[in-house]
Amino acid sequence: MTENKHKLLEVKGLTMDFGGLRAVDSVSLAVHEGEIAALIGPNGAGKTTFFNCVTGIYTPTSGDILLHPKGLETRRLNGLKPNKVTEMGLARTFQNIRLFSSMTVLENVMIGRHCRTRSGIFRSIIRNRGVREEEQEIVETSYRLLEKVGLEKFVNEFARNLPYGAQRRLEIARALATDPFLLLLDEPAAGMNPYETSELDQLICRISEEEQIAILLIEHDMKLVMKISNPIYVMEYGKKIAQGSPLDIRDNPKVIEAYLGEEVDA
Amino acid sequence: MEYFLELFFSGLTRGSIYALIALGYTMVYGIIQLINFAHGEIYMIGAFVALIVAGVCTIYGLSGFAILILAAAIAAVYAAAYGYTLEKIAYRPLRGSPRLSPLISAIGMSIFLQNYVLLAQTPDFLPFPRLIPDFAFMDDVAHIIGSPELVILVTTLITMVLLTLLIKKTRVGKAMRATQQDLNMARLVGINVDRVISLTFVIGSVLAAIGGVLVASYIGQVSFYIGFLAGIKAFTAAVLGGIGSIPGAVLGGLIIGWSESFAAGYISSDYEDVLTFVLLVVILIVRPAGILGKVRKQKV
Amino acid sequence: MLQDFKQSLVVSLWFVFLTFPLLVVRVNTIENVVVWRWSNILWVAIGSFVLSYFWRFLLLRRNRRQKQAEEGIASYGPLQAALDNILLRNRAMAVLLVLALIFPLIFDTYQTNIMVTALIFVVLGLGLNIGVGLAGLLDLGYVAFFGVGAYSYAILNYYFDLGFWIVLPIGGILGCLFGIVLGFPILRLRGDYLAIVTLGFGMIFKVMMENWETLSLGPSGIANIDRPGFFGVQMSLAQSTTYIYYIMIALVVLTIIVTNRLKNSRVGRAWIALREDEIACVAMGIDMARTKLSAYALGAFWAGIVGVIFAAKTTFINPASFTFMESAIILSIVVLGGMGSILGVILGAFILVLLPEYLRAFSEYRMLVFGAAMVLMMIFRPQGLISNLRQIYQYKGTKDKTAHD
Ligand SMILES: Nc1ncnc2c1ncn2[C@@H]1O[C@H](COP(=O)(O)OP(=O)(O)O)[C@@H](O)[C@H]1O
Ligand SMILES: [Mg+2]
């Protein structure tokens with residue numbers, strides 16, 4: 001089904017060690033244009049670590065992370081700094097919300113525009129017309145993104161004063177502000193109530209359709225995952241144990257076992 | 001060769017005192033990731049209290065080695081009390097604040113304590129009574145290593161052994177190690193984390209006070225300002241060895257003691273105090289985790 | 001009630017115990033006398049008893065405020081509200097500027113001189129504020145850059161007879177260069193390591209100036225530095241002081257404009273974001289090394305410039321003017337005034353410089369109070385006297401909100 005689509009992100013044999021602990025063990029996966037892919041697995045499976053390797057927060061021990069932007073040449077992301085990765089069009093959110101808590105909601109999104117704008121120190125001091133226009137562009141774009149995620153009524157609030165679900169959506173808006181073509185979401189529905197979750201799944205679908213942004217998400221809410229994502233990759237103890245459509249995954253005995261195991265542990 | 005040995009032992013002596021102070025930094029940092037900037041001041045207060053006890057005793061006609069022990073004991077009690085209070089006032093209300101807040105509070109406390117002693121006592125150097133006698137059996141080697149140095153080395157060694165036993169063998173030590181590994185997890189398994197933190201400050205302060213008393217009787221004078229430099233050097237020792245690591249603190253202390261002593265002996269003492277900083281900068285750039293420290297990646 | 005009383009009593013006894021050796025006994029081991037100052041016990045007992053009530057009250061209030069903030073109830077002081085009113089703010093600024101301009105005409109040279117010192121600390125505070133307040137880079141050796149500026153004027157003037165106006169920009173640029181060279185290797189360090197290393201730089205600078213006699217003339221310092229020239233006009237001491245005063249006013253205004261513009265710019269936002277969360281910041285595409293370096297170097301630039309003016313004002317400098325204490329004072333200015341807040345830092349500088357100057361009795365206790373103030377501010381008012389004003393942005397937005405609601 002995905003064969004003829006353009007491959008955006010290709011990860012081959014990614015491995016990450018922390019001292020003696022192998023948190024990610026030769027995991028390969030790919031995200032294609034237009035997809036909403038999901039990465040699932042029990043707690044501690046290494047999903048977040050996988051994200052951190054892809055986005056440059058950690059340098060992986062081995063393996064290849066290749067980015068194939070449309071119309072540009074392929075880049076290997078291993079060892080690149082996170083800001084370079086973001087500049088290339090790959091944005092993310094964090095499992096443990098990391099907003100700029102004493103900046104306003106709007107300013108949080110404006111930070112996302114940083115890598116797409118240019119004014120430096122001298123021009124900011126002189127504040128000529130170009131700078132003012134750019135500044136206005138930043139504000140307008142950011143505000144529109146807030147409208148898109150439904151946070152415009154909080155625009156001048158401090159980020160830390162937002163309700164939990166709103167903070168998660170603000171993280172998405174901030175990531176979108178960097179103009180990505182691939183968005184990585186780390187447990188975007190964590191801590192949300194069912195109503196917020198259903199709003200969120202609409203939002204994710206809209207981002208995918210309207211903005212033509214491919215999405216890779218980590219999520220524990222199986223209902224959400226099964227509903228919106230295809231393909232699904234499953235990790236356990238650092239290894240990829242399954243991949244396929246929601247139907248394949250649901251019936252995969254390994255996956256069932258992995259999740260049952262977690263329930264027994266819990 | 002004799003000159004070399006002399007420098008070697010004076011470096012060892014200084015180094016072991018830096019190590020004593022560095023342990024306080026390392027233990028506190030290991031648990032709450034805070035540079036206890038006021039730790040050098042605790043050391044200074046320890047030295048000052050000892051001076052006061054020893055001074056009062058000698059002025060009222062007592063003298064001898066026993067006074068040193070009395071002075072050290074009282075100094076340790078007071079340093080512990082100050083360390084405990086310091087944590088309670090300046091750091092505990094700031095748990096969970098932005099990371100700069102406790103650090104600024106620590107700097108404030110350091111300035112406060114320095115000036116408190118300055119105003120309460122004197123801005124001048126006070127001579128510390130000579131309490132360590134010259135042991136007769138040391139006569140033969142006195143030109144290389146003096147009696148005070150011997151006392152310092154032996155005391156430091158005993159202190160370190162006791163500390164290691166405390167941390168490795170006792171329940172309290174286990175709780176401290178657990179808290180250092182993961183504070184929140186330790187809290188979940190029922191460890192009284194606040195108590196452990198207080199205790200860490202108390203132990204660190206006692207070690208610093210012992211260092212203070214030893215230095216005061218070795219160098220022979222005390223002032224409100226001695227904590228500042230000693231504190232920074234000890235901190236450098238802790239970083240050099242790998243902050244959070246107890247053997248690291250000892251190793252770092254010794255390296256700094258020796259490098260100072262040899263640099264002053266063979267090169268020049270003009271830049272003695274700067275040497276530590278140069279060392280610090282170089283380590284932090286080359287190997288921020290220190291010699292024995294583990295490189296810990298921040299969890300995201 | 002009784003509970004509180006008991007608690008305060010315990011605290012009071014504890015502090016009596018704690019302060020006993022240092023505050024009551026005073027030994028002089030040189031002359032072998034012991035002074036017992038028993039009355040101090042009483043002061044400590046009463047003082048700590050009262051303060052412990054106060055402390056508990058403040059902690060309670062703080063916790064209440066925190067809870068309110070979490071629930072989104074903004075608690076706004078009247079002062080803060082007044083400051084947020086732009087019209088009021090602009091008027092107040094105009095009045096202040098006029099007052100500042102006529103100050104030397106009303107007051108004598110002595111007062112003007114003190115004011116110049118205060119203004120120097122205003123600029124130093126604003127410069128340090130860029131690093132500490134905006135970007136969250138705790139710099140404990142800031143005074144070194146001030147020293148670089150001062151020494152560059154002193155040395156260039158002493159050896160090459162260069163004038164004030166030529167060296168003024170050179171001092172700034174040299175400060176900035178030092179900032180870049182020193183900052184480059186260390187700025188990726190964690191915040192607290194950075195603090196210690198910068199503290200080290202401050203000390204290294206002082207020791208170098210003390211020992212590098214051929215360059216800096218050592219501990220005795222450089223004297224007879226020229227005052228700023230004004231087209232070759234000969235000036236009396238009073239005139240010269242007034243002249244420097246106006247130079248400082250101009251510099252302060254310039255600093256305010258520049259930092260204010262930067263604060264509300266793309267660069268300034270990146271600084272603040274960096275202070276809030278480094279990892280999120282780099283993940284949003286901000287180059288951490290560059291952003292930090294720019295904040296650090298810009299702060300150093302102001303210190304360098306104002307260092308030149310300092311040397312010209314005192315006409316004599318030696319290494320003793322550039323100790324950790326100066327760094328600590330500048331830091332207290334920023335902390336007390338409000339990290340990141342321009343108005344706060346200005347207020348902080350005036351309080352911290354003028355108060356000890358006019359309350360002579362207090363000046364002895366100056367550092368004691370500064371130290372305590374830093375601790376108390378962090379606990380009870382981390383935003384400082386005046387918290388950072390929020391920029392208001394204008395936006396149109398798309399009015400078709402059909403997809404939502
Ligand atoms: N910075 C780190 N240092 C050491 N171990 C880590 C670090 N980050 C993650 N780990 C470990 O790697 C494993 C995978 O964690 P993580 O990727 O967060 O799992 P998941 O997101 O799937 O729940 C866990 O055992 C975790 O403790
Ligand atoms: Mg995770």
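How large is the dipole of chain B about the Cα centre if only Lys and Arg carry +1 and Asp and Glu carry -1, each at its Cβ, rounded to the nearest 20 debye? Don't jump to the answer; show the numbers that get you there.
Working: 19 positive and 15 negative charges, 399 e Å.
Here the size comes out at about 1920 debye.
Only Cα sites of the stretch C:263-379 enter the Debye sum here, all with the same form factor; the resulting log10 I(q)/I(0) across q = 0.10, 0.14, 0.23, 0.24 1/Å is -0.42, -0.77, -1.35, -1.38, listed in q order. For chain C, relative contact order (Cα pairs under 8 Å, six or more residues apart, normalised by length) works out to 24 percent. Spin-label model, A:Phe122/A:Gln202: points 7 Å from Cα along the beta carbon direction are separated by 5.0 nm. Taking amide H as placed 1.01 Å from N in the peptide plane, the amide H of B:Val222 sits under 5 Å from that of B:Leu126, B:Phe128, each at least 5 places away or on another chain. The residues packed around A:Lys70, meaning those with a beta-carbon under 12 Å from its beta-carbon, carry a net charge of 0 if Lys and Arg are +1 and Asp and Glu are -1. Computed about the Cα centre, the dipole magnitude for the stretch B:117-194 is approximately 720 debye when only Lys and Arg (+1) and Asp and Glu (-1) carry charge, each at its Cβ.
DSSP loop (so not H, G, I, E, B), at most 14 other Cβ within 10 Å: list which trypsin sites (Lys or Arg not before Pro) in the stretch C:175-227 pass both filters. Present the calculation step by step, with values, prior to reporting the outcome.
On the way: sites: C:Arg188, C:Arg190, C:Lys206; in loops: C:Arg188, C:Arg190.
Answer by residue number: C:Arg190.
Between the helical axis of B:39-59 and the dominant principal axis of chain B, each derived from Cα atoms, what acute angle in degrees is found, rounded to the nearest 10? Once rounded, the angle reads 40 degrees. In terms of other Cβ atoms within 10 Å, A:Met226, C:Met284, C:Met377 run from fewest to most in the order A:Met226, C:Met377, C:Met284.
Its relative contact order, with pairs defined as Cα atoms under 8 Å and 6+ residues apart, puts chain A at 26 percent.
Which value in deg cm²/dmol, rounded to the nearest 500, describes the helix-derived mean residue ellipticity at 222 nm for chain C, given -39,500 (n - 2.57) per DSSP H run of n ≥ 4 and division by the residue count?
Working: 17 runs with 285 residues, N = 405.
Taking each H run of at least 4 residues, the total per residue is -23500 deg cm²/dmol.
Dividing the mean sequence gap of close Cα pairs (under 8 Å, 6+ apart) by how many residues chain B holds gives a relative contact order of 37 percent.
Can you give me the angle between helix B:147-169 and the longest principal axis of chain B, using Cα atoms only, in degrees from 0 to 90, rounded to the nearest 10? Roughly 20 degrees between the two axes.
Over the protein assembly as shown, the ratio between the Cα radius of gyration and 2.2 N^0.38 Å evaluates to 1.02. The residue list B:Pro133, C:Val33, B:Ala264 was ranked by how far each Cα lies along the charge dipole of the protein assembly as shown toward its positive end, using unit charges on Cβ atoms, and C:Val33 comes out on top. Taken one residue at a time, the phi angles of the stretch B:201-215 give Karplus couplings (6.51, -1.76, 1.60, θ = phi - 60°) of 4, 4, 5, x, 5, 4, 4, 4, 5, 4, x, x, 5, 4, 4 Hz. Gly and Pro are set to x.
Taking GluC sites (Glu not before Pro) as candidate sites, keep only those in a DSSP loop with at most 10 other Cβ atoms within 10 Å, then name the longest stretch of chain C containing none of them. Answer - C:72-405. Over all orientations, chain C has a Cα convex hull whose mean projected area works out to 28.0 square nanometres.
Annotation: the residues B:Leu162, C:Leu368, C:Leu9, B:Leu240, sorted from fewest to most other C-beta atoms within 10 Å of their own C-beta, follow the order B:Leu162, C:Leu9, C:Leu368, B:Leu240.
Look at the Cα gyration tensor of the stretch B:197-266: its axes a ≥ b ≥ c give a/c of at least 1.5 with a/b at or below b/c, and that counts as oblate. Anisotropy class assigned to the stretch A:29-173 is oblate, per the alpha carbon gyration tensor with a/c at or over the 1.5 cut-off and a/b no larger than b/c.
Quick check: from the Cα gyration tensor, does the stretch B:1-148 come out rounded (a/c under 1.5), prolate or oblate? Intermediate results must be reported in sequence, preceding the final value.
Numbers: a/c = 2.66, a/b = 1.57, b/c = 1.69.
Here the stretch B:1-148 falls in the oblate category.
3J(HN,Hα) along the stretch B:127-132, derived from phi through the Karplus expression 6.51 cos²θ - 1.76 cosθ + 1.60 where θ = phi - 60°, amounts to x, 9, x, 7, 10, 8 Hz, with x in place of Gly and Pro. The phi torsions of the stretch A:6-20, fed into the Karplus equation with coefficients 6.51, -1.76 and 1.60 and a -60° offset, translate into couplings of 6, 7, 9, 10, 10, 10, 10, x, 6, 10, 9, 10, 10, x, x Hz, rounded to whole numbers, with Gly and Pro shown as x. Sorting B:Leu5, B:Leu103, C:Leu99 from the fewest to the most surrounding beta carbons within 10 angstrom yields C:Leu99, B:Leu5, B:Leu103.
Computed from the coordinates by the stated procedures, all read-outs in this text should not be read as laboratory data. Predicted model, so just to flag it, every value in this text is computed and none were measured. Here the Cβ is made from the backbone with ideal geometry for all residues, glycine too, and neighbour counts use every protein chain on show.
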